[in-house]
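Undergrad: Got a structure for you, written out below as structure tokens; questions coming shortly.
The values are calculated or read from the model by the stated rules, or taken from the named source; none is laboratory data. The shown structure was predicted, so the numbers you read here are calculated from the model rather than taken from an experiment. All Cβ positions, even for glycine, are placed from backbone atoms using ideal geometry, and neighbour counts span all protein chains on display.
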Amino acid sequence: MTLGYLHNELLKRLRVYVAPRDVERTLMALRSSDHIWEIVERSQVPMRVLCTLLELLNEHGLVDVFNGSIKLTELGERLCEENDIAPFTSALCKSCDGRTVDINALGSSVIEEFKRISSERPEAIQEYDQGFVTDETTLARVTFMLHRGDLHGKEIAVIGDDDLVSIACALTGKPKRVVALDIDERLISFIGSVRERYGLSNLSVVRHDLREPLPDWMVGAFDVFFTDPTESFIGFKVFVERGLQCLKGAGCSGYFGLTHVESSLNKWRNIQRFLLESGAVITDIVDMFNHYVNWGYIERMRSWCWLPVKVHPKGTWYKSSLYRIEWLEPIELPKVRYDGNIFEDEEAATT
Ligand SMILES: [Fe+2]
């Protein structure tokens with residue numbers, strides 16, 4: 001048995017991209033955990049590829065599945081030894097969880113107020129591919145924006161806001177204006193009621209289906225956009241294209257998240273190419289910055305049936321990298337309507 005054989009078998013069985021190091025990363029994760037969701041998180045291999053690889057390892061007696069766990073067999077351990085594959089080792093900074101920023105820079109009243117507000121938020125629903133991040137994540141996003149000069153005096157558009165980024169931004173009192181855009185009526189009325197209760201006059205909220213072009217008054221009107229796109233390539237493009245269209249021009253910036261769970265490194269590359277071709281530069285990528293709270297529809301998501309071990313996660317497992325881009329040479333982007341299902345592609349796992 002060789003790593004090359006496993007890679008080739010994956011290519012035969014799958015229609016999606018398999019990265020050259022996916023087998024190595026999976027084995028590293030397997031050497032460090034027998035819990036499927038930790039393996040998903042640590043391997044950084046798309047679930048579509050990972051689940052097929054685990055099936056393959058099982059068929060060849062390299063892993064054992066029992067009692068809700070998945071473990072390398074002696075044969076599997078030997079394969080790792082022969083190829084010098086060490087267990088995954090986390091070396092993240094413990095005080096910021098690897099996010100690079102300290103949320104205390106926002107001040108304790110913003111932090112406390114935000115946590116109180118977020119505890120009353122509506123549940124995530126599958127219909128809009130929702131799944132919100134932890135309070136610490138939303139606060140760290142705003143701290144990151146503060147640090148990069150993207151908060152004070154800025155006009156900020158939040159495109160899809162189940163993470164309540166607009167509220168956290170507005171609570172700091174620093175932005176000139178924050179506009180949240182979402183399709184979900186429940187979120188619209190929640191953000192609206194927070195605006196009234198907390199007297200956040202710099203915050204407003206608009207109901208909009210992103211498959212439709214932006215309302216005219218939003219085009220070219222903002223300094224910063226923030227969005228957490230759905231991860232099909234087309235869905236990503238819809239969200240980020242709309243984000244860029246909100247911007248006033250050169251020097252404006254944008255933020256979004258991207259996972260390894262649902263996006264292969266090849267999709268990362270296509271996305272990066274799209275960004276560069278749109279006249280933007282990627283200034284920051286912070287790995288695993290965004291931590292998502294486990295959502296209620298896990299057994300109904302697409303990847304549940306791929307899992308070799310059907311157990312619920314012990315902790316946060318769905319994480320995404322934070323991207324920041326800056327627009328250098330704005331180009332004209334199409335103001336078109338996108339039809340049909342923008343949420344799914346071959347790599348989608350949580351829709
Ligand atoms: Fe740190």
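Undergrad: Quick check: is even one residue across the stretch 314-322 under 16 Å from the mean Cα position of the chain (by Cα) and surrounded by fewer than 18 Cβ atoms within 10 Å (Cβ to Cβ)? Walk me through how you get there before you give the answer.
TA: Narrowing the stretch 314-322 to residues under 16 Å from the mean Cα position of the chain (by Cα): 316-322.
Narrowing the set further to residues that are surrounded by fewer than 18 Cβ atoms within 10 Å (Cβ to Cβ) leaves 316.
Yes; the residues of the stretch 314-322 include at least one that is under 16 Å from the mean Cα position of the chain (by Cα) and surrounded by fewer than 18 Cβ atoms within 10 Å (Cβ to Cβ).
Undergrad: Going through the stretch 53-97 one residue at a time, which ones are farther than 24 Å from Lys314 by Cα and among the polar types (S, T, N, Q)?
TA: Hit for the stretch 53-97 is Asn83, nothing else.
Undergrad: On to the next question. Tell me which residues, restricted to the stretch 94-121, are among the polar types (S, T, N, Q) and surrounded by fewer than 15 Cβ atoms within 10 Å (Cβ to Cβ).
TA: First, the residues of the stretch 94-121 that are among the polar types (S, T, N, Q): 95, 100, 104, 108-109, 118-119.
Passing the criteria: Ser95, Asn104, Ser108, Ser109, Ser119.
Undergrad: Would you mention how many residues in the stretch 107-152 are part of a loop (DSSP other than H, G, I, E, B) and among the acidic types (Asp, Glu)?
TA: Of the residues in the stretch 107-152, the ones part of a loop (DSSP other than H, G, I, E, B) are 107, 119-125, 129-132, 134, 148-152.
Still in the running and among the acidic types (Asp, Glu): 120, 123, 129, 150.
Going through the stretch 107-152 one residue at a time, the tally reaches 4.
Undergrad: A further question on this structure: What is the number of the single condition among (1) within 16 Å of the ligand (Cβ to nearest atom); (2) charged (D, E, K, R); (3) surrounded by fewer than 15 Cβ atoms within 10 Å (Cβ to Cβ) that Glu136 does not meet?
TA: It fails just one condition, (3).
Undergrad: Would the stretch 160-175 turn up any residue that is under 20 Å from the mean Cα position of the chain (by Cα), surrounded by fewer than 19 Cβ atoms within 10 Å (Cβ to Cβ), within 20 Å of Met288 (Cβ to Cβ) and not acidic (Asp, Glu)?
TA: Of the residues in the stretch 160-175, the ones under 20 Å from the mean Cα position of the chain (by Cα) are 160-169.
Okay, now just the ones that are also surrounded by fewer than 19 Cβ atoms within 10 Å (Cβ to Cβ), so none.
No, the stretch 160-175 has no match at all.
Undergrad: Since Arg78 meets every condition but one in (1) assigned to a loop (DSSP other than H, G, I, E, B); (2) surrounded by fewer than 16 Cβ atoms within 10 Å (Cβ to Cβ), which condition does it not meet?
TA: (1)
Undergrad: State all residues of the stretch 44-61 that are surrounded by fewer than 23 Cβ atoms within 10 Å (Cβ to Cβ) and part of a loop (DSSP other than H, G, I, E, B); if no residue qualifies, say none.
TA: Once the filter is applied, which keeps residues that are surrounded by fewer than 23 Cβ atoms within 10 Å (Cβ to Cβ) and part of a loop (DSSP other than H, G, I, E, B), the stretch 44-61 yields His60, Gly61.
Undergrad: I've got another one for you. Only one residue in Glu326, Glu332, Glu347 is in a loop (DSSP other than H, G, I, E, B) and surrounded by 14 or more Cβ atoms within 10 Å (Cβ to Cβ). Which one? Walk me through it before giving the result.
TA: Values: Glu326 fails: in a loop (DSSP other than H, G, I, E, B); Glu332 fails: surrounded by 14 or more Cβ atoms within 10 Å (Cβ to Cβ).
Exactly one residue qualifies, and that residue is Glu347.
Undergrad: Out of all the residues in the stretch 153-201, which are part of a loop (DSSP other than H, G, I, E, B) and either of a type in the set (Gly, Ala, Ser) or under 19 Å from Arg116 (Cα atoms) (or both)?
TA: Step one: list which residues in the stretch 153-201 are part of a loop (DSSP other than H, G, I, E, B), which gives 153-154, 160-164, 172-176, 183-184, 199-201.
If the condition is that a residue be part of a loop (DSSP other than H, G, I, E, B) and either of a type in the set (Gly, Ala, Ser) or under 19 Å from Arg116 (Cα atoms) (or both), then Gly153, Gly160, Asp161, Asp162, Asp163, Leu164, Thr172, Gly173, Gly199, Leu200, Ser201 are the ones that fit.
Undergrad: Going residue by residue through the stretch 64-72, is there one that turns out to be surrounded by fewer than 12 Cβ atoms within 10 Å (Cβ to Cβ), within 16 Å of the ligand (Cβ to nearest atom) and outside any loop (DSSP other than H, G, I, E, B)? Break it down stepwise before answering.
TA: Residues of the stretch 64-72 that are surrounded by fewer than 12 Cβ atoms within 10 Å (Cβ to Cβ), as a first pass: 66-67.
From the residues that got through so far, the ones that are within 16 Å of the ligand (Cβ to nearest atom) too are none.
Among the residues of the stretch 64-72, not one is surrounded by fewer than 12 Cβ atoms within 10 Å (Cβ to Cβ), within 16 Å of the ligand (Cβ to nearest atom) and outside any loop (DSSP other than H, G, I, E, B), which makes the answer no.
Undergrad: Something else now. Among the residues of the stretch 87-128, write down those that are of a type in the set (Gly, Ala, Ser) and either within 16 Å of the ligand (Cβ to nearest atom) or assigned by TED's automatic domain parsing to the domain that holds Arg21 (or both). Steps first, answer last, please.
TA: Residues of the stretch 87-128 of a type in the set (Gly, Ala, Ser): 90-91, 95, 98, 105, 107-109, 118-119, 124.
Residues satisfying the conditions are Ser90, Ala91, Ser95, Gly98, Ala105.
Undergrad: Next question. Which residue, of Val65, Val49, is within 26 Å of the chain's Cα centre (by Cα) and among the β-branched types (Val, Ile, Thr)?
TA: Details: Val65 fails: within 26 Å of the chain's Cα centre (by Cα).
Selected residue: Val49, the only one of Val65, Val49 that is within 26 Å of the chain's Cα centre (by Cα) and among the β-branched types (Val, Ile, Thr).
For every residue, the table says whether it meets (1) over 29 Å from Cys96 (Cα atoms); (2) among the charged types (D, E, K, R); (3) not assigned by TED's automatic domain parsing to the domain that holds Met47.
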{"position": "Ser253", "(1), (2), (3)": "no, no, yes"}
{"position": "Leu258", "(1), (2), (3)": "no, no, yes"}
{"position": "Leu275", "(1), (2), (3)": "no, no, yes"}
{"position": "Val293", "(1), (2), (3)": "no, no, yes"}
{"position": "Tyr297", "(1), (2), (3)": "yes, no, yes"}
{"position": "Arg302", "(1), (2), (3)": "yes, yes, yes"}
{"position": "Trp306", "(1), (2), (3)": "yes, no, yes"}
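Undergrad: Which members of the stretch 82-106 meet the condition of being charged (D, E, K, R) and not in a helix (DSSP H, G or I)?
TA: Filtering the stretch 82-106 down to residues charged (D, E, K, R) leaves 82, 84, 94, 97, 99, 102.
Answer for the stretch 82-106, where residues must be charged (D, E, K, R) and not in a helix (DSSP H, G or I): Asp84, Lys94, Asp97, Arg99, Asp102.
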